[in-house]
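Asker: Attaching a single structure in structure tokens format; questions to follow.
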Amino acid sequence: MIQWCTGSEMLARARAEGYAVGAFSAHNAEMVQAILWAAAEERAPVMIQVGQRAIRYMGMEPMMRMIEAFGREVDATVAVHLDHGNGFGQAMQAIRLGFQSVMYDGSHLPIEENIAITRKVAEAAHAVGVSVEGEIGVIGGTEDDITVDEEEARLTRVEEAVRFAEETGVDSLAVAIGTAHGFYKGEPKLHFDRLDDIRRAVGLPLVLHGGSGVPDDQIRRAISLGIAKINVDTELRQAFTDAARGVWSDDPEQYHVAVALGAAREAVKRKVQEKIRLFGSSGKA
Ligand SMILES: [Zn+2]
């Protein structure tokens, strides 16, 4: 049986004990199973993220029901989390479906609007015991061609983070410290000085988006500086795709979907376990 856990409870403990919870994005049934099995084997608390693509592809309710159904035979501590929620309505829909945690991403809006909507989400979510993640600063994509000055401008500013945390009441905060969504062309350089300043000024667990491809030593250092949740999406999709493609290129006439997708599922499970160990959350469930 799944032990459901709120996001805030999971992340508060991670921050206090100096590890990070892996927040793994699932896009289909095999990925849900892989994340659950990895969590159970590692005895690690995990967040299963349902993001905008998975919602368009599978639907929010089918994703939640799959997690519940597969979770019946798995001993794992789980929070289901809405990733990059696009509005108040979507956050409410996730809460009604039983999510333990929701993100509202208003980082593209002027800060006043971001604060106003995030606060509304937080008030409604907290009334029913659901946790909320907000974002301040801009975490772009690796495909964005930006200059050093532009990158500097996108980083989360300490005063804005303080104001955002106080005025919205969020439980965790996604910060822009130089990571980006997708694959990096070169090696990413995290702005640890900025992260350290934010951590000292804001008491909340901090969230790292765009963690795929960030070298392990930078991940460990980020955790030591207050990062308590790390999103992993791109690397899981890569593991899944490469494994399935491997089966099909070895045997183009392999028409039993369970063979290729089973190999993909196994590859995702291994990747999730690798991340759980890197994040230090193994044995923390
Ligand atoms: Zn993200």
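Asker: Viscosity 0.890 mPa s, temperature 25 °C: Stokes-Einstein D of the stretch 1-127 from its Kirkwood Cα radius, in µm² per second? Don't skip to the end; give the middle numbers.
Answerer: Working: Rh = 14.9 Å.
Stokes-Einstein gives a translational diffusion coefficient of 164 µm²/s.
Asker: To continue, here is another question. At what distance in angstrom do the alpha carbon centres of the stretch 121-170 and the stretch 198-244 lie from each other?
Answerer: One Cα centre to the other: 15 Å.
Asker: Just the ratio, please: alpha-carbon radius of gyration of the stretch 82-199 over 2.2 N^0.38 Å, N its number of residues. Please list the in-between numbers first.
Answerer: On the way: Rg = 14.7 Å, N = 118, 2.2 N^0.38 = 13.5 Å.
In units of the 2.2 N^0.38 Å rule of thumb, it is 1.09.
Asker: Sticking with this structure for a sec: For helix 111-127, report the angle its Cα long axis makes with the longest principal axis of the Cα atoms of the chain; keep it between 0 and 90° and round to the nearest 10°.
Answerer: 60
Asker: Going highest first, how would you order 194-204, 33-43, 242-252 by mean Cβ packing within 10 Å?
Answerer: Values: 194-204: 18.3, 33-43: 22.5, 242-252: 13.7.
Top to bottom by mean Cβ count within 10 Å: 33-43, 194-204, 242-252.
Asker: Oh, and also: Give me Rg over Rh for the stretch 139-199, both radii from the alpha carbons and Rh done the Kirkwood way, two decimal places.
Answerer: On the way: Rg = 12.5 Å, Rh = 12.6 Å.
Reported Rg/Rh, Kirkwood definition of Rh: 1.00.
Asker: Relative contact order, percent, of the stretch 153-285 when contacts are C-alpha pairs under 8 Å separated by at least 6 residues? Kindly include the intermediate steps, with their values, before the conclusion.
Answerer: Numbers: 161 pairs, mean separation 26.7, N = 133.
Once normalised by length, the contact order is 20 percent.
Asker: Which percent of the Cα-Cα distances in the stretch 230-285 go past 16 Å? Write down the numbers at each step before the final one.
Answerer: On the way: 723 of 1540 pairs.
The calculated P(r) of the stretch 230-285 puts 47 percent of pairs beyond 16 Å.
Asker: Could you state the angle between the C-alpha long axis of helix 60-71 and the longest principal axis of the C-alpha atoms of the chain, as a value from 0 to 90 degrees rounded to the nearest 10?
Answerer: It works out to around 60 degrees.
Asker: If Lys and Arg each add +1 and Asp and Glu each add -1, what is the summed charge of the other residues whose beta carbon sits under 15 Å from the beta carbon of ARG13? Mind showing how you got there, number by number?
Answerer: Numbers: positive: ARG15, ARG43, LYS229, LYS284; negative: GLU9, GLU17, ASP171.
Taking every other residue near ARG13 into account, the sum is +1.
Asker: Would you mind pulling out the separation of the Cα centroids of the stretch 40-57 and the stretch 68-111, in Å?
Answerer: 10
Asker: For the chain, just list the percent of Cα-Cα distances falling in each 5 Å bin from zero outward, please.
Answerer: Final binned percentages: 1, 6, 13, 17, 20, 18, 13, 7, 3, 2, 1, 0.
Asker: Kirkwood Rh over alpha-carbon pairs of the stretch 148-285, then Stokes-Einstein at 4 °C and 1.567 mPa s: what D in µm² s⁻¹, rounded to an integer?
Answerer: Details: Rh = 16.9 Å.
Rounded, D is 77 µm²/s.
Asker: Ok, one more. Helix 29-42: angle to the longest alpha-carbon principal axis of the chain, degrees 0 to 90, nearest 10?
Answerer: Taking Cα atoms only, the helix is inclined about 80 degrees.
Coordinate-derived values only; no laboratory data. Treat the numbers as computed from the prediction; the structure is a model and nothing was measured. Glycine also receives a Cβ, built like all others from the backbone with ideal geometry; neighbour counts cover every protein chain displayed.
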